[in-house]
1. Run lengths n ≥ 4 of DSSP H only: what is the helix-derived mean residue ellipticity at 222 nm for the chain, with -39500 (n - 2.57) per run over all residues, to the nearest 500?
2. Measure nothing fancy, just the Cα-based angle from helix 29-39's long axis to the longest principal axis of the chain, in degrees from 0 to 90, nearest 10.
3. Once you have the Cα-Cα distance between N40 and E60, take 0.36 nm times their residue separation minus that, and quote the gain in nm to one decimal.
4. For D22 and R52, what is the calculated FRET efficiency with R₀ set at 25 Å and r taken between the beta-carbons, to the nearest 0.05?
5. For D43, which sequence-distant residues (separation of 5 or more, or a different chain) have an amide H within less than 5 Å of its own amide H, given hydrogens modelled in the peptide plane?
6. Taking the structure as given and computing Rg/Rh (Cα atoms, Kirkwood Rh), which label from (i) 0.94; (ii) 1.07; (iii) 1.45 fits?
7. Test of understanding: what is the full-extension gain from M14 to N2, defined as 0.36 nm times their sequence separation minus their Cα-Cα distance?
Amino acid sequence: MNPSTPYRCLFLDMTRRVVRGDMIEARDDAEAIRLVRAANHADDCEIWQFTRQIALVPREGGLPILPYR
């Protein structure tokens, strides 16, 4: 079993300003995205692991947008 890793969720308003932040624990990037999508938040959410952006999940559980790498 993989240990959990902390991920930071930054919730963005319509102007892309951070309105709040939250921490989640997930085994990997895919699980972090699943957890955020399942929560069906009213704001867009950027998911970060330390300094690495994982994805932008649009409000209400939309399909994630992955950063260009």
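Laboratory data are not the source of any read-out in this text; all were calculated from the coordinates shown. All of these numbers come straight from a predicted model, not from anything done at the bench. Here Cβ is always computed from backbone atoms with ideal geometry, including for glycine, and neighbour counts include all displayed protein chains.
1. -5000 deg cm²/dmol
2. Relative to the chain, helix 29-39 is tipped by roughly 50 degrees.
3. This chain segment gains 6.8 nm when fully extended.
4. 0.90
5. HN-HN under 5 Å from D43: E60.
6. After the calculation, the listed value that fits is (i).
7. My answer for the length gained is 0.7 nm.
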